[in-house]
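Asks: Below are the structure tokens for one structure; questions will follow.
The values are calculated or read from the model by the stated rules, or taken from the named source; none is laboratory data. Predicted model only: the values in this text are computed from it and were never measured. Neighbour counts run over all protein chains shown; Cβ positions are idealised from the backbone, glycine included. To get the accessible areas, we keep the full protein, side chains included, count just its heavy atoms, and leave off ligands, DNA and RNA. Shrake-Rupley method; radii C 1.70, N 1.55, O 1.52, S 1.80 Å.
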Amino acid sequence: MGDNYNEMKERIVKLEKELDELKKKELEMDEVVKQHNELIQQEFLSFEEFVEDLVNRKIIDENTRVYSKDFFDKFFAIYFQKAFEANNEWGIVIIKLPHLNKLNLNEEKKIIERQLGKILRESVRIPLDYIFRYSKDTFIILLTDIFEDIFDKIINRINDRIKMLTDYSETCEIKSYYIPRDKISTDDVYKILEEF
């Protein structure tokens with residue numbers, strides 16, 4: 001009976017230990033499920049905000065009719081990551097037009113901004129490419145899934161068309177980066193935008 005008793009006691013201790021481990025795993029799983037639910041909720045909220053911005057036209061710059069800075073800030077990091085994971089070739093073009101800051105007349109400014117938006121839209125492959133107005137005088141273009149020779153042709157086309165606006169040609173600055181040729185990160189892009 002002593003051996004049976006000791007065996008039963010050891011078995012009970014072992015089962016209690018297994019039960020504690022299962023309870024611990026259950027708590028861990030509950031935490032994982034809670035975190036997952038929070039992430040899903042955040043994704044729904046982000047998507048809801050995006051749709052609301054779309055409905056209210058907050059993602060479009062009113063005058064140039066290209067995407068806004070807010071949309072760029074939401075879109076760029078996600079696009080960059082997905083393009084990197086898919087090993088896609090793509091490009092980013094940053095255009096600085098200091099002359100826009102010199103325009104005072106409201107109506108003249110609107111006309112020129114619309115003309116500029118049209119020039120940029122006609123220079124790229126809509127709907128494949130994305131044009132953003134990042135600031136008063138800075139535009140960003142994401143050229144998606146593009147070969148290097150086509151990328152270079154589009155840069156030249158943008159440059160030539162902006163030169164047709166004589167006031168802009170002398171002060172216009174264009175920086176372009178072709179990925180994967182140019183090693184650049186999202187942090188690099190934001191740093192360039194700050195310093196540009």
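Asks: Show which lysines lie in cross-link reach of K9 when reach means a straight Cα distance below 29 angstrom and same-chain residues fewer than eight apart are skipped.
Replies: Of all the lysines, those that pass the test against K9 - Cα under 29 Å, at least 8 places apart if same chain - are K17, K23, K24, K25.
Asks: Please identify every one of the trypsin sites (Lys or Arg not before Pro) in the range 53-119 that sits in a loop by DSSP and has no more than 11 other beta carbons within 10 Å of its own beta carbon.
Replies: Passing both the DSSP loop test and the Cβ count: R57.
Asks: Carbon and sulfur atoms: what percent of the 1.4 Å accessible area of the chain do they account for?
Replies: Answer for the chain is 52 percent, counting heavy atoms of protein chains only.
Asks: Okay, moving on. Given a 1.4 Å probe, how much area per residue of the range 69-195 is accessible, in Å²?
Replies: 56
Asks: Oh, and also: Taking +1 at the Cβ of each Lys and Arg and -1 at the Cβ of each Asp and Glu, which of F139, N106, N156 sits farthest along the dipole of the range 69-195 towards its positive end, judged by Cα position relative to the Cα centre?
Replies: The residue sitting farthest along the positive end of the dipole is N106.
Asks: Can you pull out the GluC sites (Glu not before Pro) in the range 1-31 whose DSSP state is coil and whose Cβ has at most 13 other Cβ atoms within 10 Å?
Replies: none
Asks: Based on Cβ point charges of +1 for Lys and Arg and -1 for Asp and Glu, what charge dipole magnitude is obtained for the chain about its Cα centre, in debye rounded to the nearest 20?
Replies: In debye, rounded to 20, the chain gives about 980.
Asks: For the chain, rounded, prolate or oblate, judged on the Cα gyration tensor with a ≥ b ≥ c (square roots of eigenvalues), a/c < 1.5 rounded, else prolate if a/b > b/c?
Replies: Taking the square roots of the gyration eigenvalues as a ≥ b ≥ c, the chain is prolate.
Asks: Name the residue farthest towards the positive end of the dipole of the chain from the options I40, F84, L15, assuming +1 on Cβ of Lys and Arg, -1 on Cβ of Asp and Glu, about the Cα centre.
Replies: Among I40, F84, L15, the one farthest towards the positive end of the dipole of the chain is F84.
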